[in-house]
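Readers should treat all values here as calculations from the given coordinates under stated rules, not as data from a laboratory. Fair warning: this is a prediction, and the values are worked out from it, not measured in the lab. Here the Cβ positions follow ideal geometry from the backbone for every residue, glycine too, while neighbour counts run over all protein chains shown.
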Amino acid sequence: IENKVCCVTGAGGSIGSELVKQIIRHSPKKIILFEMNEYALYSLIQEISKSANGIEILNILGDVTKKNLLREVLNEHTVDVVFHAAAYKHVPLVEENPLTGIFNNIVSTRVICAESLRANVEKVIFISTDKAVRPTNVMGASKRLGELIVQSYSELALKGNKSRTIYSIV
C-alpha cells in the first residue's frame, strides 16, 4: 500500500480505525476515511492527525450504500485499494434490528464490489468474521452472504480478464 490511494469504509469503527492506524504506518499516498458516524470520524481524525506524517487524509462523512457518493469518491480520487470494514458486528443489536443489519451488511458489500469493479480499483479487501463460517444468527448470515457477494465479483472480474480488480476476504 505504499504510495497507493487507500479507502477504508467504516473507518471510525473498532476494526476500521485500527486498519487506518496500521495503513498509515505503510506510507500510502492518500487515505480516504469513509464513515457515516460523525463522532466516530471526528474522534479518529483527532487521534491520527499527529501520526499522518504528510499523508493526505480525506474525510468522507457518508454511507457506502449510497452508490453515487461511493462512485464519485472512487473515480475522483483514483482509489487503488478498498478495505471494506463498514458493517454492523454486534450480534445482540443486529438480532434486535435484523432488517437494518441485513441491509447495511449486504447492500454495502454489493455496492462496494460493483463500484470498485466499475472504477477498476486494484484490490478490494472485505473484512468478515468468524461468525460467518457456520452462521447461527442474522449478523453471521449477513456476513456470510457478503462473502458470497465478494466471491461472485471475484469470478466476474476474472472472466475474460476484463478487470484488474482482485477481491479478497479476511
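The magnitude of the dipole of the stretch 98-170, with charges of +1 and -1 set on the Cβ of Lys/Arg and Asp/Glu and taken from the Cα centre, is near 100 debye. The trypsin sites (Lys or Arg not before Pro) of the stretch 104-170 that meet both conditions, a loop assignment by DSSP and at most 11 other Cβ atoms within 10 Å of the site Cβ, are LYS162, ARG164.
Our Cα-only numbers for the stretch 1-85 put the radius of gyration and Dmax at 11.5, 32 Å.
Taking a sphere under 14 Å around the Cβ of SER154 and counting the other residues whose Cβ falls inside, with K and R at +1 and D and E at -1, yields a net charge of +2.
Only Lys, Arg, Asp and Glu count, each charged at its Cβ (+1, +1, -1, -1), so figure out the dipole size of the chain about its Cα centre, rounded to 20 debye. Before the final figure, lay out each step's value.
Numbers: 20 positive and 17 negative charges, 97 e Å.
Charge dipole of the chain: 460 debye, to the nearest 20.
Would you list the membrane-span-like helices of the chain, meaning whole DSSP H runs whose alpha-carbon atoms span at least 24 Å along their axis and whose mean Kyte-Doolittle value is at least -1.0?
Numbers: long enough: 138-158 (30 Å, 0.49).
Those that pass (Cα extent of 24 Å or more, hydropathy at least -1.0) are 138-158.
Once the Cα-Cα distance is subtracted from the 0.36 nm per residue extended length, the THR78 to LEU93 segment shows a gain of 1.9 nm. Pairs over the 30 Å Cα-Cα cut-off, from the set LYS50/LYS131; LYS66/LYS123; LYS29/LYS131: LYS50/LYS131; LYS29/LYS131. Global dimensions of the stretch 80-170 from alpha-carbon coordinates: Rg and Dmax equal 13.2, 43 Å.
Within the same chain, aspartates and glutamates fewer than 8 places from LYS143 are excluded, and of the rest, those with a Cα less than 16 Å from its Cα are GLU95, ASP130. Note: the stretch 79-119, Cα convex hull, 50 Å³ per residue. Here the relative contact order of the stretch 1-158, from alpha carbon pairs under 8 Å that lie six or more residues apart, stands at 22 percent.
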